[in-house]
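These notes concern the structure reproduced below.
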């Protein structure tokens, strides 16, 4: 079976691990996934991540973050732009997630940025996903 949308796979693995209350989740490595996971860590949605290159492709182990009472730091993780329906936003139309409480990940000409960073730099791009 071929993977048509690896980003959707990453988000689904994280969502499933959160629902099952796992401490960690392993995802196949790629530059794009690594950047999305880096943004998740920078924004405080995950505790940490490690990259292992034992296999041919390599794996990223994501350490999920929970508040006291095992409440997950991530409540929603949504894919916006899909291979069948790309969603682009100009610099003035970058979406706000939950009134600024969430984060959207945008693929710009300068790499992956949060919606806030893209606005500060005056960049638009493809809206990959939203996190809150």
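The values are calculated or read from the model by the stated rules, or taken from the named source; none is laboratory data. None of these values were measured; they are calculated from a predicted model. Cβ: placed from backbone, ideal geometry, glycine included. Neighbour counts: every protein chain shown.
Mind counting the residues in the range 1-17 that are within 25 Å of residue 126 (Cβ to Cβ), more than 12 Å from the chain's Cα centre (by Cα) and outside any loop (DSSP other than H, G, I, E, B)? Looking only at that region, the number is 1.
Within the range 78-125, if we keep just the residues that are modelled with pLDDT of 95 or more and part of a helix (DSSP H, G or I), the residue that is surrounded by the fewest Cβ atoms within 10 Å (Cβ to Cβ) turns out to be 120.
Out of the range 40-53, which residues are assigned to a loop (DSSP other than H, G, I, E, B) and at pLDDT below 95? Before the answer, list the steps.
Taking the range 40-53 and keeping what is assigned to a loop (DSSP other than H, G, I, E, B), we get 43-45, 53.
Passing the criteria: only 53.
For the range 67-92, the set of residues classified as without any contact (Cβ under 8 Å) to a residue 40 or more places away in the chain and farther than 20 Å from residue 111 by Cβ consists of 67, 68, 69, 71, 73, 84, 85, 92, listed by residue number.
How many residues does the range 62-77 contain that are exposed (fewer than 15 other Cβ atoms within 10 Å of the Cβ) and closer than 17 Å to residue 7 by Cα?
First, the residues of the range 62-77 that are exposed (fewer than 15 other Cβ atoms within 10 Å of the Cβ): 63, 66-71, 75-76.
Retained after the next criterion (residues that are closer than 17 Å to residue 7 by Cα): 76.
Count: 1.
Just checking, does the range 29-39 include any residue being over 11 Å from the mean Cα position of the chain (by Cα), within 23 Å of residue 125 (Cβ to Cβ) and in a loop (DSSP other than H, G, I, E, B)?
Going residue by residue through the range 29-39, those that are over 11 Å from the mean Cα position of the chain (by Cα) are 29-31.
Subset that is within 23 Å of residue 125 (Cβ to Cβ): 29-31.
Still in the running and in a loop (DSSP other than H, G, I, E, B): 29-30.
Within the range 29-39 (the criterion being over 11 Å from the mean Cα position of the chain (by Cα), within 23 Å of residue 125 (Cβ to Cβ) and in a loop (DSSP other than H, G, I, E, B)), the answer is yes, since at least one residue qualifies.
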